[in-house]
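Have a look at the structure below, then the notes.
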């Protein structure tokens, strides 16, 4: 399979711009609703989360799904009107409630009221998590710091290994992947109530590393092709380099996705959305490495009068043997 990367670069860019624009709109809507670009989990905003399930769910004897409006009235009567409510489970007879920080007596009182109004609650399936607002802010700041440090490290490393323009466009490709993932989860938060927790930050950092690795492989081949064919036009060099590494990029991403899909399907609730973030980010990372980072480099070299490559000391270094 041979792709005309450069010839169709306007198409690749349009797809990315459209995806990022849709995600950006979703983050704006999220900001209006939740005060954050994504629906924040307890990890970031602090508070108490109660997860519970009715006993009748196991015997399939429930009269019907839990009425969220009824739960909202119960919480309002308890002075918790601003709480977030999600009815979950296959039979819609389980609840996830996120509210302000509750002490032990307040939690017990709320559980008793819910049980009196909704039916018997299975005590073995009650989960209560509490995070203070200070700790939530610390987790958020630490996550942003880690992301910033990773971007800075990538810029420095690629500038030393390649050239500054290589590093700049690799960084743009990484930013592309992060924005795509953020936009996707903003949409998921609006439509399905999916929250971004501390594992989401871990997923973003993993996506950054994967994307850079894929881009480095292509850039290595670009540099090798420049060294072997210094008189060729940069468009031809990039086309050749991408097509030579295309099979490797697709195979690496596909085999990684197989494991992630398995985790998403069978890994349980804790890892489900972590795996989903990686799936979205890895697909975006492969796309940006192949279609964005390479084509932007070619355009830049052409616009700056370096369309016909001359071997520089950085390009003349022996390329990696990665296929």
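Looking across the stretch 57-74, the residues that are at pLDDT below 80 and either part of a helix (DSSP H, G or I) or touching a helix residue (DSSP H, G or I) at 6+ places or on another chain (Cβ under 9 Å) (or both) come down to 57, 58, 59, 62, 63. Residues considered: 130, 145, 164, 124. Of these, the only one that is more than 30 Å from residue 306 (Cβ to Cβ) and modelled with pLDDT of 90 or more is 145. Does the stretch 12-34 contain at least one residue that is in the same structural domain as residue 181 (by TED's automatic domain parsing) and under 21 Å from residue 129 (Cβ atoms)? Yes, that holds for at least one residue. If only residues of the stretch 185-199 that are touching a helix residue (DSSP H, G or I) at 6+ places or on another chain (Cβ under 7 Å) and surrounded by fewer than 23 Cβ atoms within 10 Å (Cβ to Cβ) are counted, the one that is farthest from residue 146 (Cα to Cα) is 190.
Regarding residue 202, is this residue surrounded by fewer than 21 Cβ atoms within 10 Å (Cβ to Cβ) and under 17 Å from the mean Cα position of the chain (by Cα)?
Numbers: surrounded by fewer than 21 Cβ atoms within 10 Å (Cβ to Cβ): yes; under 17 Å from the mean Cα position of the chain (by Cα): yes.
Taking the combined requirement at face value, the residue satisfies it.
So, residue 215, is that one surrounded by fewer than 23 Cβ atoms within 10 Å (Cβ to Cβ) and under 27 Å from the mean Cα position of the chain (by Cα) or not? Steps first, answer last, please.
Details: surrounded by fewer than 23 Cβ atoms within 10 Å (Cβ to Cβ): no; under 27 Å from the mean Cα position of the chain (by Cα): yes.
Considered against the rule, which asks whether it is surrounded by fewer than 23 Cβ atoms within 10 Å (Cβ to Cβ) and under 27 Å from the mean Cα position of the chain (by Cα), residue 215 comes out as no.
Evaluated against (1) farther than 24 Å from residue 192 by Cβ; (2) surrounded by fewer than 17 Cβ atoms within 10 Å (Cβ to Cβ), residue 102 falls short on exactly one condition, (2).
The values are calculated or read from the model by the stated rules, or taken from the named source; none is laboratory data. Treat the numbers as computed from the prediction; the structure is a model and nothing was measured. Ideal geometry is used to build each Cβ from the backbone, glycine not excepted, and the neighbour counts take in all protein chains shown.
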